[in-house]
Amino acid sequence: MRLALCLPLLAMAAAPATAAAPPHLVPQGNTKQLIVDDKPFLILGGELGNSTASDLAALKPHWDDFRRLHMNTVVAPAYWELIEPAEGRFDWSSVDGLLADARGAGQHLVLLWFGSWKNSMSAYVPGWVKRDQARFPRAQRPDGQGSEILSPLAPANVAADARAFAALMAHLKAVDGDRQTVILVQVENEMGMLPTARDRSPTADAAFAAPVPRALTDWLVRHRATLAPELKALWEANGARISGDWRSVFGAGPAGEEVFSAWCFALHADAVARAGKAAYDLPMYVNVALNRPGSAPGDYPSGGPVPHLVDVWKAGAPDIDLIAPDIYFRDFGEILDRYARPDNALFIPEANQAGRAESPAEAMLAFGRYGAFGFSPFSIENAKGPGAAALGEAYDLLDQLAPLILAARGTGRMTGFRPKVSFDGAVDDAPQTATLGDYRITASFLDTWAPKEGQRTETHGALVIRLGPDDYAVAGSGVTFTFAPVTPGPPQAGLERVEEGHYVDGVWRRGRVLNGDQTHQGRFVRLPSGSWGIQRVRLYRYR
């Protein structure tokens, strides 16, 4: 009897641990959380140059650099031409080698599917696709000349791309499903038409003359109040019609043609994503080659998920989980304003070139104010000099703060500060305010304890997390904070205690107590320029 009672306990002890669910997105507040190994995950990333991952031996020395930068994720291409050199014959050596090297370095991977398009061109498709233009037709220019862009309207193009991507995802599930090295997948790369707004092939002309699909017009009607202003104005200028061909609904000009292109590219991307998810259901996104202000369709990869076309993509590609902007322009915050939407969790896969002095401040803004779950400068293997060192310091802080950031995302308990920078690079370093809980926080970007001349305030940035009714964590560089109550009670806020320190496994380890000169005897909280640090602040109120 005693042995019988023990048997179930022995069986329970011997049972294998339940496998973690694959990486996925779950709602949290007004955003979504990326879950990896059953825990929320914050991507502190860097994207490789376009060709770097095709030579794993040349990449190998850089893995130690990534560790020193406190990265946890490398964003790297998977090349269709290397994976399927002959139709139906797959070579996984480039993928498996990348997986092995990432695991050895303790890094996760975001894989970029360089399939039908890379920076709008079809440069990474296999040779057997490039050579058979009858089977795999190209987009055409108005004069009938072909282009280096596969047509998204050709069923054979969609089918070949989707089959290869599904094979990749099935392979990842087989070799990585229990390891979760790959946590996110990009479908294609910076899709869009050049140098015209749309494909001018006979097939595309016929589709442009056909009725606009109800799926798109229904989306416009349902979301009319929140549509991107440019798309809303274009649709309404043509009578806000809910039926008719593309010319009658969106006009005959390049702007209307670009809406058509966006729909075609979105359908292709969605078909590829859907095939991939059927094999291995990982979170998937598309990235964006942004348009310059005042540029016309065709001057940039037109029809991609640029800010004024996000709604078209949301309607046409429901299997794409998010749209991620590649940001190479200086007006970083204004761009994030367009993509940080309730229906679009924010990830920045290419945050300009790695090693820029502005990157750490941009990261603080992205995570703090906009609730991003990931940040990743481009060409990370080439990051050098003071800018790279500063990024490593900032990533160290963000890694320490990750449990707090992840808990605060989407809840209104966190914000970020950085001077506003215009497209042409003009810096507005006027103080900014935000309210968290019972206090209004004012952030100043000029370090009054350092010479004003030579201060690059666009490199100053910080995030603030509300830890409790009177408790805050501040982290960053070059920002000074003051606090004022916004709720009934004593009208002034004082600094009861300010500590510098760091977090170890989520536990605060105090360094100096800064209630003296460092806070100007309780007048402000200062994160000095030239270094990156964390401070804990406790406030009190007085008359």
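Being free of Cβ contacts under 8 Å to residues at least 40 places away in the same chain, surrounded by 19 or more Cβ atoms within 10 Å (Cβ to Cβ) and either of a type outside the set (Asp, Glu) or not in a loop (DSSP other than H, G, I, E, B) (or both) narrows it down to one of Ala76, Ala102, Ala123, so name that one. Step by step, each of Ala76, Ala102, Ala123 is checked, and only Ala76 is free of Cβ contacts under 8 Å to residues at least 40 places away in the same chain, surrounded by 19 or more Cβ atoms within 10 Å (Cβ to Cβ) and either of a type outside the set (Asp, Glu) or not in a loop (DSSP other than H, G, I, E, B) (or both). Candidates in region 16-59 are the residues that are open to solvent by 40 Å² or more (accessible area, probe 1.4 Å) and of a type in the set (Val, Ile, Thr); of these, the one that is modelled with the lowest pLDDT is Thr18.
One residue stands out among those in region 435-464 that are touching a residue at least 40 places away in the same chain (Cβ under 8 Å), open to solvent by less than 30 Å² (accessible area, probe 1.4 Å) and in a strand (DSSP E or B): the one that is farthest from Arg413 (Cα to Cα), which is Gly461.
If the requirement is being aliphatic (A, V, I, L, M), over 20 Å from Asp331 (Cβ atoms), open to solvent by 30 Å² or more (accessible area, probe 1.4 Å) and in contact with a strand residue (DSSP E or B) (Cβ under 9 Å, 6 or more places away or on another chain), which of these qualifies: Leu398, Leu467?
Details: Leu398 fails: open to solvent by 30 Å² or more (accessible area, probe 1.4 Å).
Only one candidate passes the filter, namely Leu467.
If you check Val312, Val212, Val249 for being within 28 Å of the chain's Cα centre (by Cα), at pLDDT 95 or above and open to solvent by less than 30 Å² (accessible area, probe 1.4 Å), only one passes: Val312. Taken over region 280-305, residues that are small (Gly, Ala, Ser) and either in contact with a Leu (Cβ under 8 Å, 6 or more places away or on another chain) or open to solvent by 40 Å² or more (accessible area, probe 1.4 Å) (or both) amount to 5.
Test Phe417 against the stated conditions and say whether it is of a type in the set (Phe, Trp, Tyr) and surrounded by fewer than 22 Cβ atoms within 10 Å (Cβ to Cβ). Steps first, answer last, please.
On the way: of a type in the set (Phe, Trp, Tyr): yes; surrounded by fewer than 22 Cβ atoms within 10 Å (Cβ to Cβ): no.
No: the conditions fail for Phe417.
Restricting attention to region 478-503 and to residues that are closer than 26 Å to Leu398 by Cα and open to solvent by 40 Å² or more (accessible area, probe 1.4 Å), the residue that is nearest to the chain's Cα centre (by Cα) turns out to be His502. Taken residue by residue, region 324-334 has at least one member that is within 21 Å of Met169 (Cα to Cα) and buried (at least 24 other Cβ atoms within 10 Å of the Cβ). Name the residues in region 420-434 that are open to solvent by 60 Å² or more (accessible area, probe 1.4 Å) and among the polar types (S, T, N, Q), would you? Once the filter is applied, which keeps residues that are open to solvent by 60 Å² or more (accessible area, probe 1.4 Å) and among the polar types (S, T, N, Q), region 420-434 yields only Thr433.
Just a yes or no: is a residue in region 244-262 assigned to a helix (DSSP H, G or I) and within 22 Å of Ala160 (Cα to Cα)?
Just the residues of region 244-262 that are assigned to a helix (DSSP H, G or I), to begin with: 246-250, 254-262.
Checking the rest, the ones that are also within 22 Å of Ala160 (Cα to Cα) come to 261-262.
Yes: region 244-262 contains one or more residues that are assigned to a helix (DSSP H, G or I) and within 22 Å of Ala160 (Cα to Cα).
For region 504-518, a residue qualifies if it is aliphatic (A, V, I, L, M) and either closer than 17 Å to Leu398 by Cα or open to solvent by 70 Å² or more (accessible area, probe 1.4 Å) (or both), and the qualifying residues are Val504, Val507. For region 83-99, the set of residues classified as surrounded by 12 or more Cβ atoms within 10 Å (Cβ to Cβ) and in a helix (DSSP H, G or I) consists of Ile83, Ser94, Val95, Asp96, Gly97, Leu98, Leu99, listed by residue number. Here the condition is being more than 29 Å from Ser376 (Cα to Cα) and aliphatic (A, V, I, L, M); of Leu150, Leu216, it holds for Leu216 alone.
The values are calculated or read from the model by the stated rules, or taken from the named source; none is laboratory data. Just so we're clear, the structure is a prediction, and the values are computed from it rather than from any experiment. Cβ: placed from backbone, ideal geometry, glycine included. Neighbour counts: every protein chain shown. Quick note on the areas: whole protein, heavy atoms, side chains included, nothing else; ligands and nucleic acids left out. Shrake-Rupley method; radii C 1.70, N 1.55, O 1.52, S 1.80 Å.
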